[in-house]
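Beneath this line is the structure, given in C-alpha coordinates, with notes to follow.
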Amino acid sequence: QVQLVESGGGLVQAGGSLRLSCARSGRTLSAMGWFRQAPGKEREFVASISWSGGFTDYADSVKGRFTMSRDSAKNTVYLQMNSLKSEDTAVYYCAADSVWRRSRSSSSYVYWGQGTQVTVSS
(Lines give C-alpha, C1' and ligand atoms only; values in the text may rest on other atoms or scores of the structure.)
Protein backbone atom coordinates (compact mmCIF):
# COMPACT_ATOMS: atom_id res chain seq x y z
CA GLN A 1 0.00 0.00 0.00
CA VAL A 2 1.46 3.33 -1.07
CA GLN A 3 0.39 6.58 0.54
CA LEU A 4 1.38 10.07 -0.49
CA VAL A 5 0.77 12.95 1.90
CA GLU A 6 1.33 16.53 0.76
CA SER A 7 1.91 19.50 3.01
CA GLY A 8 3.20 23.04 2.83
CA GLY A 9 0.50 24.80 0.85
CA GLY A 10 -0.92 28.14 1.86
CA LEU A 11 -1.47 31.76 0.97
CA VAL A 12 1.47 33.83 -0.25
CA GLN A 13 1.90 37.16 -1.98
CA ALA A 14 3.11 37.34 -5.56
CA GLY A 15 6.89 37.16 -5.67
CA GLY A 16 7.02 35.06 -2.53
CA SER A 17 8.06 31.46 -1.94
CA LEU A 18 6.58 28.23 -0.64
CA ARG A 19 7.97 24.73 -0.21
CA LEU A 20 5.67 21.77 -0.70
CA SER A 21 6.49 18.37 0.75
CA CYS A 22 5.23 14.93 -0.21
CA ALA A 23 5.92 12.10 2.21
CA ARG A 24 5.70 8.59 0.78
CA SER A 25 4.96 5.45 2.75
CA GLY A 26 4.99 1.95 1.39
CA ARG A 27 7.27 0.49 -1.25
CA THR A 28 9.92 2.46 -3.10
CA LEU A 29 8.77 3.96 -6.38
CA SER A 30 10.92 5.13 -9.27
CA ALA A 31 9.07 8.23 -10.37
CA MET A 32 7.63 11.09 -8.37
CA GLY A 33 5.83 14.07 -9.82
CA TRP A 34 3.94 17.23 -9.01
CA PHE A 35 0.81 18.26 -10.88
CA ARG A 36 -1.58 21.14 -10.30
CA GLN A 37 -5.17 21.95 -11.08
CA ALA A 38 -6.70 25.40 -11.09
CA PRO A 39 -10.48 25.93 -10.92
CA GLY A 40 -12.10 25.17 -14.24
CA LYS A 41 -8.86 23.91 -15.77
CA GLU A 42 -7.33 20.55 -16.58
CA ARG A 43 -4.76 19.02 -14.27
CA GLU A 44 -1.31 19.95 -15.58
CA PHE A 45 2.22 18.70 -15.14
CA VAL A 46 4.57 20.77 -13.00
CA ALA A 47 7.70 18.72 -12.31
CA SER A 48 9.00 15.19 -11.90
CA ILE A 49 12.04 13.41 -10.54
CA SER A 50 13.52 9.93 -10.88
CA TRP A 51 14.05 8.50 -7.42
CA SER A 52 17.28 6.66 -8.16
CA GLY A 53 19.11 9.00 -10.53
CA GLY A 54 17.66 12.29 -9.46
CA PHE A 55 16.82 13.27 -13.04
CA THR A 56 14.32 16.11 -13.15
CA ASP A 57 11.88 17.55 -15.64
CA TYR A 58 9.94 20.80 -15.44
CA ALA A 59 7.05 22.42 -17.23
CA ASP A 60 8.15 25.47 -19.19
CA SER A 61 5.86 27.67 -17.08
CA VAL A 62 7.81 26.91 -13.89
CA LYS A 63 11.34 26.30 -15.19
CA GLY A 64 13.83 28.52 -13.39
CA ARG A 65 11.38 29.27 -10.57
CA PHE A 66 10.52 25.83 -9.15
CA THR A 67 12.93 23.14 -8.00
CA MET A 68 12.02 19.55 -7.22
CA SER A 69 14.25 17.49 -4.97
CA ARG A 70 14.17 14.28 -2.93
CA ASP A 71 15.38 13.10 0.46
CA SER A 72 15.83 9.35 0.35
CA ALA A 73 16.29 9.04 4.10
CA LYS A 74 12.91 10.68 4.71
CA ASN A 75 11.11 9.16 1.69
CA THR A 76 10.05 12.68 0.86
CA VAL A 77 10.08 14.88 -2.22
CA TYR A 78 9.93 18.64 -2.18
CA LEU A 79 8.84 21.37 -4.54
CA GLN A 80 10.54 24.66 -3.81
CA MET A 81 8.50 27.39 -5.46
CA ASN A 82 10.05 30.85 -5.82
CA SER A 83 8.91 34.02 -7.57
CA LEU A 84 5.33 32.86 -7.32
CA LYS A 85 2.74 34.37 -9.63
CA SER A 86 -1.04 34.57 -9.38
CA GLU A 87 -1.28 32.02 -12.19
CA ASP A 88 0.46 29.48 -9.93
CA THR A 89 -2.70 29.39 -7.79
CA ALA A 90 -4.01 25.81 -7.82
CA VAL A 91 -4.36 22.62 -5.88
CA TYR A 92 -1.01 20.85 -6.08
CA TYR A 93 -0.93 17.07 -6.20
CA CYS A 94 1.93 14.68 -5.57
CA ALA A 95 2.02 11.61 -7.80
CA ALA A 96 4.13 8.47 -8.02
CA ASP A 97 4.69 5.46 -10.20
CA SER A 98 6.91 2.40 -10.21
CA VAL A 99 8.52 3.27 -13.56
CA TRP A 100 10.45 6.42 -14.48
CA ARG A 101 9.32 7.42 -17.97
CA ARG A 102 10.06 11.15 -17.83
CA SER A 103 6.39 11.51 -18.63
CA ARG A 104 4.33 14.69 -18.31
CA SER A 105 1.03 12.84 -18.54
CA SER A 106 -1.05 12.29 -15.43
CA SER A 107 -2.01 8.86 -16.78
CA SER A 108 1.60 7.73 -16.27
CA TYR A 109 1.21 7.96 -12.50
CA VAL A 110 -0.75 5.41 -10.50
CA TYR A 111 -0.53 6.82 -6.98
CA TRP A 112 -1.82 10.24 -5.95
CA GLY A 113 -1.97 12.36 -2.84
CA GLN A 114 -4.98 14.30 -1.66
CA GLY A 115 -3.66 17.67 -2.80
CA THR A 116 -2.66 20.89 -1.07
CA GLN A 117 -3.96 24.36 -1.91
CA VAL A 118 -1.56 27.08 -3.03
CA THR A 119 -2.99 30.57 -3.36
CA VAL A 120 -0.90 33.45 -4.67
CA SER A 121 -2.35 36.91 -4.13
CA SER A 122 -1.43 39.71 -6.50
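The values are calculated or read from the model by the stated rules, or taken from the named source; none is laboratory data. In this text, all values refer to a predicted model and were calculated from it rather than measured experimentally. Positions of Cβ are generated from backbone atoms using ideal geometry, with glycine treated the same way; all protein chains shown enter the neighbour counts. Ligands, DNA and RNA are stripped out before the accessible areas are found, and what is left, the full protein with its side chains, is counted by its heavy atoms. Shrake-Rupley method; radii C 1.70, N 1.55, O 1.52, S 1.80 Å.
Indicate, rounded to the nearest 5 percent, the antiparallel portion of the DSSP beta bridges found entirely in the chain.
DSSP beta bridges in the chain are roughly 90 percent antiparallel.
On the accessible surface of the chain, probed at 1.4 Å, how many percent belong to carbon and sulfur atoms?
Heavy-atom surface of the chain belonging to carbon and sulfur, 1.4 Å probe: 45 percent.
Based on Cα positions only, what radius of gyration and what Dmax would you give for segment 11-51, in angstroms?
13.3, 37
Would you mind working out the accessible area per residue for the chain, using a 1.4 Å probe, and quoting it in Å²?
Ligands and nucleic acids excluded, the figure is 50 Å² per residue.
For segment 18-122, run through the GluC sites (Glu not before Pro) and keep only the ones in DSSP coil with at most 10 other Cβ atoms within 10 Å of their Cβ.
Glu42
DSSP loop chymotrypsin sites (Phe, Trp or Tyr not before Pro) in segment 1-85 with at most 16 other Cβ atoms within 10 Å of their Cβ, which ones?
Taking segment 1-85 and a limit of 16 other Cβ atoms within 10 Å, the loop chymotrypsin sites (Phe, Trp or Tyr not before Pro) found are Phe55.
Determine the sum of side-chain charges near Ala31: Lys and Arg each +1, Asp and Glu each -1, restricted to other residues whose C-beta is under 14 angstrom from that of Ala31.
+4
Counting pairwise Cα distances across the chain, what percent come out greater than 16 angstrom?
In whole percent, the long-distance tail amounts to 56.
Assuming 0.36 nm per residue, please report the length gained on full extension of the stretch Asn82 to Ser17 beyond their Cα-Cα distance.
Result for the pair: 23.0 nm of gain on full extension.
Label segment 1-73 by shape, choosing from rounded, prolate and oblate, from the square roots a ≥ b ≥ c of the eigenvalues of the Cα gyration tensor; if a/c is under 1.5 it is rounded, and otherwise prolate applies when a/b is larger than b/c, oblate when it is not.
Judged from the Cα gyration tensor, segment 1-73 comes out prolate (a/c at least 1.5, a/b above b/c).
Cα centroid distance between segment 1-38 and segment 69-122, in Å?
5
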